[in-house]
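Each remark here refers to the structure printed beneath this line.
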Amino acid sequence: MQTPDFLHALDREGQSLAAAAERAGTDATVPTCPEWRVRDLLRHIGTVHRWAAGFVAEGHTEPRPIGEEPDLTGAELVAWYRDSHRLLVDTLSAAPADLECWTFLALPGLSPLEFWTRRQAHETTVHRYDAEAARGGAPSPIAADLAADGIDELLRGFHGRSRSRVRTTEPRALRIRATDAGPDAIWTVRLGPDGPPVTSRQAGGEADAELFGPADQLYLALWNRAPVPGVSGDRSLADLWQETSGI
């Protein structure tokens with residue numbers, strides 16, 4: 001996927017998130033984030049949108065605090081979220097391709113503009129699913145290419161950092177395979193006691209366990225929003241992921 005694809009996904013997913021939140025009501029509980037109500041979800045994601053837009057618009061090259069969440073609820077909060085989302089989409093749309101600013105995942109080959117557009121597309125997609133869980137009914141689909149890209153960002157980006165808590169007492173290998181996203185939608189995650197997981201985009205060597213299924217279901221499962229669709233081999237590695245992989 002390219003930057004325009006992520007921008008389109010971000011625009012679509014944010015609009016869907018707002019519509020689901022409005023229908024659910026800001027007092028509704030969020031089943032996928034049991035400690036949250038919809039108002040907490042909107043305050044969080046809107047604040048993140050404004051934080052991200054600030055790096056892009058102002059070219060900050062050092063990390064900055066994420067900022068205060070608004071003391072709003074009801075229709076005012078939904079409107080504030082829509083404004084936050086539109087600010088982010090418009091800021092990314094207007095940004096130059098050679099933008100220089102701070103980013104927080106070490107992903108080779110991504111420009112800052114690509115990074116922020118991709119990151120916010122996935123941030124919004126996952127939280128759109130949360131808003132739709134609060135609303136009830138069937139969730140909107142997640143395209144296989146977007147889901148596969150999100151799996152890659154999660155494994156090689158978030159869980160490539162030292163703060164990842166996914167550890168094993170001895171070296172183990174976990175394979176992730178999206179069954180509907182092409183032959184390259186496969187990852188080998190090497191786990192151990194002395195550092196974060198190391199992920200390669202290939203099916204190299206033996207694996208102690210494999211998590212498999214459609215890309216959208218795997219995406220949600222790896223973000224701890226849904227059960228793992230399929231497991232072969234040592235099921236304890238799937239349990240370990242769900243117990244320790246929270247971001």
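The values are calculated or read from the model by the stated rules, or taken from the named source; none is laboratory data. On a predicted model such as this, the values are computed, not experimentally measured, just so you know. Cβ: placed from backbone, ideal geometry, glycine included. Neighbour counts: every protein chain shown. In case anyone asks, the SASA skips ligands and DNA or RNA and just uses the protein heavy atoms, side chains included. Shrake-Rupley method; radii C 1.70, N 1.55, O 1.52, S 1.80 Å.
Please express the shape of the stretch 1-59 as an equivalent ellipsoid: the semi-axes are the square roots of 5 times the eigenvalues of the C-alpha gyration tensor, given largest first in whole angstrom.
Details: eigenvalues 120, 44, 18 Å².
Each semi-axis is the square root of five times an eigenvalue, giving 25, 15, 9 Å.
Would you calculate a helix-derived [θ] at 222 nm for the chain, using -39,500 (n - 2.57) for each DSSP H run of n ≥ 4 and dividing by the full residue count, to the nearest 500?
Using -39500 (n - 2.57) per qualifying helix, the result is -15500 deg cm²/dmol.
May I ask for the net charge around residue 150, where only other residues with Cβ less than 13 Å from the Cβ of residue 150 are counted and Lys, Arg are +1 while Asp, Glu are -1?
-3
Need one value: the accessible area of residue 66 in square angstrom, 1.4 angstrom probe, rounded to the nearest 10.
Looks like 80 Å² after rounding.
Among 28, 182, 2, whose Cα lies farthest out toward the positive end of the dipole of the chain, if unit charges sit on the beta carbon of Lys, Arg (+1) and Asp, Glu (-1)?
The Cα lying farthest towards the positive end belongs to 28.
Using a 1.4 Å probe over the heavy atoms of the protein chains, calculate the carbon and sulfur portion of the accessible area of the stretch 112-247 as a whole percent. Show your work: numbers first, answer last.
Details: 2630 of 5540 Å².
Ligands and nucleic acids excluded, carbon and sulfur reach 48 percent.
Could you give the distance between the Cα centres of the stretch 122-150 and the stretch 27-101, to the whole Å?
Cα centroid of the stretch 122-150 versus Cα centroid of the stretch 27-101: 17 Å apart.
Just to confirm, what accessible area per residue do you get for the chain at 1.4 Å probe, in whole Å²? Walk me through the numbers on the way to the answer.
Details: 11400 Å² over 247 residues.
With all protein chains present, the chain gives 46 Å² per residue.
Answer with one residue from 121, 67, 246: the one whose Cα lies farthest towards the positive end of the charge dipole of the chain, charges on Cβ with Lys, Arg +1 and Asp, Glu -1.
With unit charges placed on the Cβ atoms, the residue in question is 246.
Where nothing but the Cβ of Lys and Arg (+1) and of Asp and Glu (-1) is charged, how large is the charge dipole of the stretch 124-247 around its Cα centre, in debye to the nearest 20?
320
Apply the a/c threshold of 1.5 to the C-alpha gyration tensor of the stretch 183-247 and tell me whether it is rounded, prolate or oblate.
rounded
Hey, what's the per residue convex hull volume over the C-alpha atoms of the stretch 103-247, in cubic angstrom?
112
Taking the Cα centre of the stretch 79-135 as origin, work out the dipole magnitude from +1 charges on Lys and Arg Cβ and -1 charges on Asp and Glu Cβ, in debye rounded to 20.
Working: 6 positive and 8 negative charges, 45 e Å.
For the stretch 79-135, the charge dipole is close to 220 debye.
Within the chain, what percent of beta bridges assigned by DSSP are antiparallel, to the nearest 5?
Among the beta bridges of the chain, antiparallel pairing accounts for roughly 75 percent.
For volume of the Cα convex hull per residue in Å³, which listed value, [x] 177; [y] 123; [z] 152, comes from the coordinates shown?
Label [y] holds the value from this structure.
For the chain, with only Lys/Arg (+1) and Asp/Glu (-1) charged at the beta-carbon, what is the dipole magnitude about the Cα centre, in debye rounded to 20?
Value, rounded to 20: 300 debye.
Given all pairs of different Cα atoms, what value in angstroms does the Kirkwood hydrodynamic radius of the stretch 88-186 take?
15.9
Per-residue counts of other Cβ atoms within 10 Å, averaged by peptide: what ranking do you get for 224-235, 160-171, highest first? Numbers along the way, then the final one.
Numbers: 224-235: 16.1, 160-171: 12.5.
Per-residue mean Cβ counts within 10 Å order the peptides as 224-235, 160-171.
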